[in-house]
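Each value in this text was obtained by applying a stated rule to the coordinates, not by laboratory testing. Not measured: the values here are computed from a predicted model. When we count neighbours, we look across all protein chains shown, and the Cβ atoms used for this are built from the backbone with ideal geometry, even at glycine.
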């Protein structure tokens, strides 16, 4: 794994975001999920740096990015403004937008809000917002999503996440992975260190405390942006059935399922994920 990327910061929407970048060309913007940071894209950054300027941001509140104190600072409308500012601040007028988990939620919403800025959309293990809302009518999915309700409490989620040297972070990654060797002890320490930064846990949980404001009101239109949905089939928190019927909301949709793979799809099956991304983006394999 090449380590020729470099770190930088960008000011956007009133916050200073940290990012890692490598390569030259059009913009590929990578948005991580919970409880991650840019590091979750360590297998994708060098893989696409020959075709794109690949940029993996730390979302607001995470790792080295700024953490506004106000709860409302983590509403979806602010996250959308962050991404708009990153694209334009880096000097681009559009991008390939890639998101996983919460980054996928932001990517879906951003593509609807600013389709003119998204050349192609790639989402991993996060359903279309309308499909997620419909899925919550299922008792099974409600049980799977019960942690979201727990995250609505003040202070308790933060205490649980930091208990016993952030053991819950370890459980989230290694406990959910199908291939337990996906995450090395060093990987887990990186995620723990990012979560342990002062104020980071509250910022991360505040995404969930604002989650209901991001749920759709009324009808979603048909997204015109070409979209690839990649799904690890053994996701413990989001059922595969949440992907069914997504084509009713996306005009040009491809779906790739990866069996024997968990929620952490781009880390657990990076070669296959990268292959599907290349096929979708019509990139020739380069030696």
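State yes or no: is residue 120 surrounded by fewer than 23 Cβ atoms within 10 Å (Cβ to Cβ) and in contact with a strand residue (DSSP E or B) (Cβ under 6 Å, 6 or more places away or on another chain)? Taking the combined requirement at face value, the residue satisfies it. Within segment 172-192, the residues that satisfy the criterion of being touching a helix residue (DSSP H, G or I) at 6+ places or on another chain (Cβ under 9 Å) and closer than 21 Å to residue 58 by Cα are 172, 173, 183, 187, 188, 190, 191, 192. Restricting segment 95-106 to residues that are on the phi < 0 side of the Ramachandran plot and under 8 Å from the mean Cα position of the chain (by Cα) leaves a set whose member that is surrounded by the fewest Cβ atoms within 10 Å (Cβ to Cβ) is 102. Every condition in (1) closer than 18 Å to residue 40 by Cα; (2) part of a loop (DSSP other than H, G, I, E, B); (3) over 15 Å from the mean Cα position of the chain (by Cα) is met by residue 235 except one, and the failing one is (3). Within segment 141-167, the set of residues being closer than 19 Å to residue 262 by Cβ, touching a helix residue (DSSP H, G or I) at 6+ places or on another chain (Cβ under 7 Å) and surrounded by fewer than 18 Cβ atoms within 10 Å (Cβ to Cβ) comprises 148 only. Residue count for segment 137-158 satisfying the condition of being under 18 Å from residue 206 (Cα atoms) and in a helix (DSSP H, G or I): 8. Number of residues in segment 123-136 that are over 11 Å from residue 108 (Cβ atoms) and either more than 14 Å from the chain's Cα centre (by Cα) or in a strand (DSSP E or B) (or both): the value is 5. The residues on offer are 228, 161, 172, and the sole one that is outside any loop (DSSP other than H, G, I, E, B), in contact (Cβ under 8 Å) with a residue 24 or more places away in the chain and over 19 Å from residue 124 (Cα atoms) is 161. For segment 6-44, residues that are closer than 19 Å to residue 125 by Cα, assigned to a loop (DSSP other than H, G, I, E, B) and touching a strand residue (DSSP E or B) at 6+ places or on another chain (Cβ under 9 Å) total 6.
Do the conditions hold for residue 283, that is, is it more than 20 Å from the chain's Cα centre (by Cα), touching a residue at least 60 places away in the same chain (Cβ under 8 Å) and surrounded by 15 or more Cβ atoms within 10 Å (Cβ to Cβ)? The answer is yes for residue 283.
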